[in-house]
Structure formats: structure tokens, C-alpha cells
Protein chains: 2
Amino acid sequence: MPKTAAIVIIGNEILSGKVKDENSHFLARELRALGVALKEVRVIPDDLRVIAGVVAESSRRFDFVFTSGGIGPTHDDITMKGIADGFGLGTVTNEKLRELIERRCGHEPSDVVLRMAELPEGAEMMEIEGMSFPPVRVRNVFIFPGIPELLRKKFTAIREMFRCEPFALRCLYVNEEECFIAGALDQVAREFREVEIGSYPKMNETDYKVLVTMESRDPGRLESAFNKLLGLIPREIIVRTA
Amino acid sequence: MPKTAAIVIIGNEILSGKVKDENSHFLARELRALGVALKEVRVIPDDLRVIAGVVAESSRRFDFVFTSGGIGPTHDDITMKGIADGFGLGTVTNEKLRELIERRCGHEPSDVVLRMAELPEGAEMMEIEGMSFPPVRVRNVFIFPGIPELLRKKFTAIREMFRCEPFALRCLYVNEEECFIAGALDQVAREFREVEIGSYPKMNETDYKVLVTMESRDPGRLESAFNKLLGLIPREIIVRTA
């Protein structure tokens, strides 16, 4: 059974344009490679009520939810509390995490720093060998830090648990404007509902004008659809296929 | 009165990781410079019901909505119909647009191409000198293409209409882990509710470990908050201010 996912990026710094979100593109590529259908990305502010509402809604609608950001030691790191609120859960101090924090921040960290050890009730710190601060899971929500290097390392450590039926992909590069192939694409899209067809005009490519992608979980239907399209498009405008 | 905004990025190619969204970061920076508070970015698929639901909801919740993607001539370009559905509006052929399409695509474009000239009832093609295909506006929703070069050009042409009270910004670069300044940040955040304080650890900077940003629409309060923070943090870990 194909799985669906949503990404929730938490952070005022993304919304105010100070930091460019790199995590959603990384996760989108990873999820695609794993066969998981990403259905939504949402970037939201450091606001308890918004985090609670969006994470709980995403958890209901999709199989997996991946959050990024808001789990550090400062006043604006409120992701754990927001997720707990969204599920109607309290928070409890994770003793392992508390020890880690004390080791790193000295023996008398301030209250706001110790809040970093408070996880939603029932949260699981995933077991990963050699990783002192692994990803935290609450129900179908997987909680990651916003720092891209850390998110990549942590996601990579658990990625295989999400693998499901893969997507097959074919590409067609065309040296003509979109409107000249739109009729053919429409015809194939109507006949092959289970094949997803994308058409992407490029302004900065020298040897083609439009990239057409076709994808399906059914490789046989994909080949039929791709061959049908090749038969409908004038040979002289096809630059190459892949 | 400060204005709020949401960005809705429409496109399977972003969700499947084939294309990296560049538009939301560009718009986030522009909106911040204009004084508009961006409250949400949502990336959603080429799906009529999803587009209708998300755009209508965003239109109710925020002052401005900016959409990107899904307005070309192919089968997957369904943004206009989605927005019309979301507002309970029909679509009507825009004759000016139809002429443009016929000029560009030859005199007998296929039906799917001509659909590109169908705009939601009451949609306004904004008047911009020298621009043959200007942004389209429906109520408080501003509709842009997904191609970054075109979106930038079109947004830049109308950006001044969104300008409102600006944000003032101060920065502090610190050469110590976040947990050592978290208490001070928390104290200032509690005292200066109207100042937004961000704390961003960096892993790849050589001369500092954390960037602290403080922002407010009230420059006087911002200076007070910034000076308060400087007084609470040990001088020797401050690398520089800006």
C-alpha cells in the first residue's frame, strides 16, 4: 500500500526570509526515492497554537509527518510543546536527554534550556547506534532539528523504515514551446490516469525548451504511456529521452 | 495597520523533489523588506480540490495570498480553475489573453491550450506597461507563474502596492553554544513582547557559533531590547553586532 507524507517546517527565520529552507527539498527527494508520496509542505511560525493545529491535522491526513525546527534550547524552540498540545498530551522530562544537556551545557543550565528535555508523553527517542540525540517520534510524527546537516544525518539513519513501492520515471526533452505539445500530453494524461505527467518549461537551458516527466508505480503502464506520447509528438522536436 | 500574507506554491514537481522551489524564499525576502508579515507557505499538488480549499482558506485568514505555478497551457495547469472553484466562481474567457495565446501558439491551438485564457469571474489582469501577460488578481489573491524568472519580473512590477510599516532589525554574533545565552534571550523575550528574537546556531561559520536576530516595527523598543541583551551576555563571547 503506497504511503503518504507531509513536511512541516517550523521557524520564523524561514518566513522572514532570513534563512532559506533547505530541508524540504532534501526530504522531498528522499521520500520520492523511497516511494513515499509527499502531499504537502507547510512552513509555519514559532507559535504554539499554529504548531499544535497544523501537526495534529497533518497527522490525521497523512501516513507520516516530518517536522523540522524548533527543538533547540532557546525561548523560540517550542515544537515539542506544540506537538504535545496538538495531540492533547502533557510533556514529561526525558532523563537521558536531561543528562545529555547537563553534560553539554554545564551543571546548572537555565530553566529554558532544561525545557529541551521535555518531550510529549509517550514520545519515543529512536534507538540509533552512536547517535546521542536521535530523532524523536510521537505517533506518526518524526521530529527533526532545523539545522540541515543534523536533519540529513538523522533522517539518513532511519530512512529505510519508510521504503515502499517505488515510482518509475521517464523523461522527454523537447525543443519547442509547451503549447505545441499540450494537446498530445492531454490525450495521454486522459488515457493513462495512473501515470503522472509533468511539463516543465525551462528558460536557461540551451538545448531544449521543455522537460516532460512521466511517473507511475506501474512500470508497464508507464512504458505504454511513454510510447504513446512519442508517437504523438513530431520526431524533429524531440531532443532526447531518458 | 501591518498586513499579513501567505504563499501557496502549486506543483507536483516540487513535492516530488524534481524541482527546488526558489519562489517562496524570493517572496519571503521581498515581503519582509516591504513590511508585510508572511505567516505561512504551503506547497500543494496539482489537484483541483486541494487548490480550491487551500487558496480559499488562505484568502480568509490573511490579507494577501500569492500563488505560484499551474498557469501554463498543459493538462496539469489548473490553478485558475482551482481558485475559481474555491471562491464558488465560474470561469470566463479573457479575450485579450486568448489573442495573446493565438499569436504565440499559432491560429489553431488545442482546447487544452485555450483553457489558459479562462480566468475566474471578476479576475483582473493588472495593468503594467510593456508587460503582455501581467499578474492576475482575484480578490486578495495574486496569481504568478512558477518559472522563477517570470515570477520575479512580475512581482517586482507590482511590489510597491504591498509596502507598509517596516521592520527594524539588529543582529548579534556570538562565539558560544546556544544554551549559554538561552537564559538571557528568554529574559529579554519576556520583557519585550513586541520584539521578535531569533537564535540560529551555525555549523559552518568559522568566526561565530550563533546568530541572534531581534526585530520590531518599533525601532525605539528594539534598541532598548538590544541594549538589555548586550548587558546580559558576557562581553568576551560577543563577536560583533550589526
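The values are calculated or read from the model by the stated rules, or taken from the named source; none is laboratory data. Just so it is clear, the model here is predicted, and its values are computed rather than measured. Don't worry about glycine lacking a Cβ; one is built from the backbone with ideal geometry, like all the others, and counts go over all protein chains shown. Just the protein is used for accessible areas: all its heavy atoms, side chains included, with ligands, DNA and RNA removed. Shrake-Rupley method; radii C 1.70, N 1.55, O 1.52, S 1.80 Å.
Simple rule: put +1 on each Lys or Arg Cβ and -1 on each Asp or Glu Cβ in the stretch B:4-162, find the dipole, and look at B:HIS75, B:MET161, B:ALA123; the Cα lying farthest toward the positive end is B:MET161.
Placing a label point 7 Å from Cα along the Cα-to-Cβ axis, B:ASP207 is separated from the same position in the other copies by 4.4 nm, shortest listed first. Sorted shortest first, the separations between the A:PRO166 label point and its copies elsewhere in the assembly read 5.3 nm; each point sits 7 Å from Cα along the Cα-to-Cβ line. Between the stretch B:1-74 and the stretch B:168-234, the C-alpha centres lie 30 angstrom from each other. Taking all protein chains in place and a 1.4 Å probe, what share, in percent, of the accessible surface of chain B do carbon and sulfur account for? Carbon and sulfur: 47 percent of the exposed surface of chain B. Packing, as the average of other Cβ atoms within 10 Å across residues, places the peptides B:118-126, A:66-74, B:171-179, B:36-44 in the order A:66-74, B:36-44, B:171-179, B:118-126, highest first.
Suppose a student asked you for the relative contact order of the stretch B:94-162, using Cα pairs under 8 Å spaced at least 6 residues apart; what percent would you report? Spell out each step's value before the answer.
Working: 50 pairs, mean separation 13.9, N = 69.
Reported as a whole number, the value is 20 percent.
Calculate the FRET efficiency for A:LEU232 and B:ASP47 from the Cβ-Cβ distance with a Förster distance of 25 Å, rounded to the nearest 0.05. Walk me through the numbers on the way to the answer.
On the way: r = 25 Å, r/R0 = 1.00.
That pair, A:LEU232 with B:ASP47, gives E of 0.50.
The angle separating the long axis of helix B:48-61 from the principal Cα axis of greatest extent in chain B is about 50 degrees. Measuring from each Cβ of chain B to the axis that turns chain B onto chain A, the shortest distance belongs to B:ARG42, 3 (residue, then whole Å).
Computed with a 1.4 angstrom probe on protein heavy atoms, the B-A interface buries about 4800 square angstrom of accessible area in total. Using alpha carbons only, how many degrees (0 to 90, rounded to 10) separate the axis of helix B:182-191 from the longest principal axis of chain B? Once rounded, the angle reads 70 degrees.
Computed with every protein chain present, the accessible area of A:LYS209 is close to 80 Å² [probe 1.4 Å]. Summing charges over neighbours of B:THR4, with a neighbour being any other residue whose Cβ is under 10 Å away from its Cβ, gives +1 when K and R count +1 and D and E count -1.
In chain B, helical runs assigned H by DSSP with n ≥ 4 each contribute -39500 (n - 2.57); averaged across all residues and rounded to the nearest 500, the mean residue ellipticity at 222 nm is -10500 deg cm²/dmol. In the stretch B:60-78, the residues that give up 30 Å² or more of accessible area when the other protein chains are added, compared with the chain on its own (1.4 Å probe), are B:PRO73, B:THR74, B:HIS75, B:ASP76.
Taking label positions 7 Å along the Cα-Cβ direction at both B:ARG137 and A:LEU100, the computed distance is 5.0 nm, reported to one decimal.
For a distance above 13 Å, tell me the whole-number percent of Cα pairs in the stretch A:17-68 that qualify. Percentage above 13 Å: 63.
Among A:LYS20/B:LYS3; A:LYS96/A:LYS154; A:LYS202/B:LYS153; A:LYS39/B:LYS20; A:LYS18/A:LYS153; B:LYS3/B:LYS39, which pairs are too far apart, with a Cα-Cα distance over 20 Å? Walk me through the numbers before you get to the answer.
Working: A:LYS20/B:LYS3 22 Å; A:LYS96/A:LYS154 18 Å; A:LYS202/B:LYS153 16 Å; A:LYS39/B:LYS20 15 Å; A:LYS18/A:LYS153 23 Å; B:LYS3/B:LYS39 10 Å.
Over 20 Å Cα-Cα: A:LYS20/B:LYS3; A:LYS18/A:LYS153.
Label positions at A:ASN175 and A:ARG193, each projected 7 Å from the Cα along the C-beta direction, are separated by 3.8 nm. Compared with the dominant Cα axis of chain B, that is its longest principal axis, helix B:148-158 is turned about 80°.
Quote the relative contact order of chain B in percent (integer), defining contacts as alpha-carbon pairs under 8 Å separated by 6+ residues. Could you put the intermediate results ahead of the total?
Values: 426 pairs, mean separation 43.7, N = 242.
Relative contact order of chain B: 18 percent.
The contact residues of the stretch B:1-37, meaning those that lose at least 50 Å² of 1.4 Å-probe accessible area when all protein chains sit together rather than their chain alone, are B:LEU15, B:SER16, B:GLY17, B:LYS18, B:LYS20, B:HIS25. With contacts taken as Cα pairs under 8 Å at a separation of at least 6 residues, the stretch A:168-241 carries a relative contact order of 47 percent.
Given a Förster distance of 30 Å, report the FRET efficiency between B:GLU129 and B:THR4 from their Cβ-Cβ distance, rounded to the nearest 0.05.
On the way: r = 30 Å, r/R0 = 0.98.
For R0 = 30 Å, the calculated efficiency reads 0.50.
Each copy carries a label point for A:ARG152 at 7 Å from Cα toward Cβ; from one copy, the others' points are 2.4 nm away, ordered from shortest. Within the full protein context, the accessible area of B:ARG61 is estimated at about 110 Å² for a probe radius of 1.4 Å.
In summary, the stretch A:126-242 shows an alpha-carbon radius of gyration equal to 1.50 times the 2.2 N^0.38 Å reference for compact globular proteins. With each label modelled as a point 7 angstrom along the Cα→C-beta vector, the B:ASP111-A:ASN204 pair spans 3.8 nm. Take the stretch A:4-162 with all the other protein chains still there, run a 1.4 Å probe, and you get 41 Å² of accessible area per residue. Largest first, the extents of the alpha carbon coordinates of the protein assembly as shown on the three principal axes equal 75, 51, 41 Å.
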